[in-house]
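So the structure is just underneath, and the comments pick up after that.
Values quoted throughout were computed directly from the atomic coordinates according to the rules given, and no laboratory measurement underlies them. Nothing here was measured: the structure is a model prediction, and the numbers come from that model. Cβ: placed from backbone, ideal geometry, glycine included. Neighbour counts: every protein chain shown.
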């Protein structure tokens with residue numbers, strides 16, 4: 001397991017010397033496309049080819065947020081040799097979580113079919129999500145809905161095992177609104193799909209928010225038991241929001257850990 005103290009200096013070393021903190025906060029303008037049920041933004045630089053791709057799924061309790069909630073991720077990742085894609089998906093209450101997962105899978109198919117035209121490598125796509133987006137990335141990635149996905153980066157959710165969450169008393173109003181039908185809990189739990197097929201290398205992080213450490217550790221152990229390559233990050237120094245917002249900031253430990261993981265997973 002990687003902790004914040006271990007990676008502080010390593011993460012600083014990974015930042016490009018030419019990119020100041022201020023310049024990374026100036027995200028380039030994306031190209032927006034309609035992938036079917038919603039839109040996605042593609043951040044890429046002209047003249048570059050066969051770059052690894054990060055597809056990002058925003059959080060917001062399955063009912064809020066949008067594809068522009070990316071903070072400094074696009075500029076940082078472009079500076080580090082990636083294409084970056086951020087997607088919208090339909091929100092509660094108009095679309096349930098099962099439909100949202102289908103949206104994610106459709107967005108992924110669109111990106112895989114078209115990203116080469118923007119300089120990305122369709123065989124080197126890592127899917128990253130925060131909060132509700134982490135749940136959707138885990139659910140779709142583990143159930144086989146992201147064929148060929150190279151890696152998963154899962155950042156801070158308790159929704160890995162909904163039945164266990166309910167037993168522990170953690171079915172808070174936000175979760176209860178997203179998952180109102182207990183008959184669907186198993187199907188919509190990423191943990192239920194662990195071991196159903198070969199899984200990609202997976203990075204799993206948790207913050208100090210209530211219940212995150214226990215739920216994430218249990219999920220990571222279950223995934224590791226299948227032989228999946230798992231990196232578990234102790235983000236207890238972060239709040240639920242800062243563990244996402246700080247990604248790409250100079251010296252940020254989570255950023256350093258993710259970049260090390262991606263370098264190994266994507267080659």
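What's log10 of I(q)/I(0) for the stretch 167-267 at q = 0.25 Å⁻¹, Debye sum over Cα points only, no solvent?
-1.33
Efficiency by 1/(1 + (r/R0)^6): what FRET value for residue 90 and residue 45, r their Cβ-Cβ distance, R0 = 30 Å, to the nearest 0.05?
Details: r = 30 Å, r/R0 = 1.00.
Given R0 = 30 Å and the Cβ-Cβ separation, E is 0.50.
Once every Cα of the stretch 205-248 carries one equal point scatterer and solvent is ignored, give the base-10 log of I(q)/I(0) from the Debye formula at q = 0.16, 0.24, 0.26 Å⁻¹, two decimals.
-0.44, -0.80, -0.87
Would you mind putting 253-259, 101-107 in packing order, based on average other-beta-carbon counts within 10 Å, highest first? Present the calculation step by step, with values, prior to reporting the outcome.
Details: 253-259: 25.3, 101-107: 21.4.
Listed from highest to lowest mean packing, they are 253-259, 101-107.
Based on the mean of other Cβ atoms within 10 Å per residue, sort peptides 176-188, 108-120 so the most packed one is first.
Highest mean packing first, the order is 108-120, 176-188.
Order of 263, 73 from fewest to most other C-beta atoms within 10 Å? Working shown, then result.
Values: 263 13, 73 23.
With the fewest neighbours first, 263, 73 line up as 263, 73.
Pairs of alpha-carbon atoms within less than 8 angstrom and 6+ residues apart define the contacts here; what relative contact order does the chain have, in percent? If you can, show how the numbers build up before the last one.
Details: 541 pairs, mean separation 60.2, N = 267.
23 percent.
From the helices alone, meaning DSSP H stretches of at least four residues, give me the mean residue ellipticity at 222 nm for the chain, per-run term -39500 (n - 2.57), in deg cm²/dmol to the nearest 500. Could you put the intermediate results ahead of the total?
Numbers: 10 runs with 94 residues, N = 267.
After summing the helix terms and dividing by residue count, I get -10000 deg cm²/dmol.
Apply 1/(1 + (r/R0)^6) to the Cβ-Cβ distance of residue 33 and residue 61, taking R0 = 25 Å, and write down the FRET efficiency to the nearest 0.05.
Working: r = 26 Å, r/R0 = 1.04.
So, using R0 = 25 Å, E works out to roughly 0.45.
Would you please put 126-139, 35-48, 211-224 in order of how densely packed they are, using the mean number of other Cβ atoms within 10 angstrom per residue and starting with the highest?
Listed from highest to lowest mean packing, they are 126-139, 211-224, 35-48.
Using label points projected 7 Å from each Cα along Cα→Cβ, tell me how many nm separate residue 109 and residue 264, to one decimal.
Between residue 109 and residue 264, the simple spin-label model gives 3.3 nm.
As an exercise, use a Förster radius of 25 Å and the Cβ-Cβ distance of residue 98 and residue 166 to find the FRET efficiency, rounded to the nearest 0.05.
Numbers: r = 18 Å, r/R0 = 0.71.
Efficiency for this residue pair is about 0.90.
Please arrange 70, 153 by counting, for each residue, the other beta carbons lying within 10 Å of its beta carbon, fewest first. Provide the component values of the computation, followed by the final result.
Working: 70 22, 153 29.
Fewest-to-most Cβ neighbours within 10 Å comes out as 70, 153.
To two decimal places, what compactness ratio does the stretch 100-143 give when its Cα radius of gyration is scaled by 2.2 N^0.38 Å? If you can, show how the numbers build up before the last one.
Numbers: Rg = 10.9 Å, N = 44, 2.2 N^0.38 = 9.3 Å.
So the stretch 100-143 has a normalised radius of gyration of 1.18.
In percent, what relative contact order does the stretch 86-243 have, based on Cα pairs under 8 Å that are 6 or more apart in sequence? Kindly include the intermediate steps, with their values, before the conclusion.
Values: 249 pairs, mean separation 32.2, N = 158.
The value is 20 percent.
Using the Kirkwood radius over C-alpha pairs as Rh, can you work out the diffusion coefficient of the stretch 44-174 via Stokes-Einstein at 20 °C, viscosity 1.002 mPa s, in µm² per second?
Working: Rh = 15.1 Å.
Answer, rounded: 142 µm²/s.
How big is the C-alpha Rg of the stretch 26-107 next to the rule-of-thumb value 2.2 N^0.38 Å, as a ratio? Could you put the intermediate results ahead of the total?
Numbers: Rg = 13.2 Å, N = 82, 2.2 N^0.38 = 11.7 Å.
Its radius of gyration relative to the 2.2 N^0.38 Å reference: 1.12.
Determine the principal axes of the Cα atoms in the chain, then give the extent along each, sorted from largest to smallest and rounded to whole angstroms.
In descending order, the Cα extents are 50, 43, 32 Å.
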